[in-house]
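Note sheet for the following structure.
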């Protein structure tokens, strides 16, 4: 749920419904999730304290969303693997690699989405889909192979650039919400990677 929530917050401008569910009605404060990862503890604190002024909260989130992630503008922290890798002169071609990884499992992102295949939100959707499939397997060779595949995907397509991306979020976000979401994504992916070791 945390990956789905955070992935949608970086793919789409936050809706009124999302704000009401997660902040105003307190869903974020009541999540029964714990982690000993210091990054997760920081993210939880940031998110719990992020809705200071409810009357301007949606506008602040919307403004921050477009400043940080707008794929049609000059985003300060684009959540797109290939764009981020190009900025860092990385010669890897992640769009093809991410797409090939999806194809190998017969998974296709929503074709109506306006974001590229290597957008972090799409990668997080795929990761949750993989985890769901893994949890349905019996503890055997297929389960072990699936865990290795998930770790490989995380290592190649998320942890390879997310630490630096999260740093950009921390430097550029105006809201505690997006600072918390960047840190939450980083922490959750680290935790999943370790759990599946």
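The values are calculated or read from the model by the stated rules, or taken from the named source; none is laboratory data. Every value quoted in this text rests on a predicted model; they were computed, and no experiment measured them. Using ideal geometry, Cβ is built from the backbone for each residue, glycine included, and neighbour counts are taken over all protein chains shown.
For the stretch 1-22, enumerate the residues that are surrounded by 15 or more Cβ atoms within 10 Å (Cβ to Cβ), modelled with pLDDT of 75 or more and in a helix (DSSP H, G or I). Even if it seems obvious, please write down each step before you answer.
First, pick out the residues of the stretch 1-22 that are surrounded by 15 or more Cβ atoms within 10 Å (Cβ to Cβ): 2-3, 5-14, 18-19, 22.
Right, trim to modelled with pLDDT of 75 or more and you get 2-3, 5-14.
Of everything in the stretch 1-22, those that are surrounded by 15 or more Cβ atoms within 10 Å (Cβ to Cβ), modelled with pLDDT of 75 or more and in a helix (DSSP H, G or I) turn out to be 2, 3, 5, 6, 7, 8, 9, 10, 11.
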Restricting the stretch 126-142 to residues that are surrounded by 14 or more Cβ atoms within 10 Å (Cβ to Cβ) and farther than 29 Å from residue 15 by Cβ, which is nearest to the chain's Cα centre (by Cα)?
134
Checking residue 56 against (1) assigned to a helix (DSSP H, G or I); (2) at pLDDT 85 or above; (3) more than 18 Å from residue 168 (Cα to Cα), the condition it does not meet:
(2)
Given the condition at pLDDT 90 or above, closer than 23 Å to residue 5 by Cα, assigned to a helix (DSSP H, G or I) and in contact with a helix residue (DSSP H, G or I) (Cβ under 7 Å, 6 or more places away or on another chain), answer yes or no: does some residue in the stretch 98-110 qualify?
no
Taking the stretch 140-197 as the region of interest, how many residues are touching a helix residue (DSSP H, G or I) at 6+ places or on another chain (Cβ under 9 Å) and not in a helix (DSSP H, G or I)?
9
Here is a check on your reading of the model: is residue 25 closer than 27 Å to residue 72 by Cα, at pLDDT below 75 and surrounded by fewer than 13 Cβ atoms within 10 Å (Cβ to Cβ)?
no
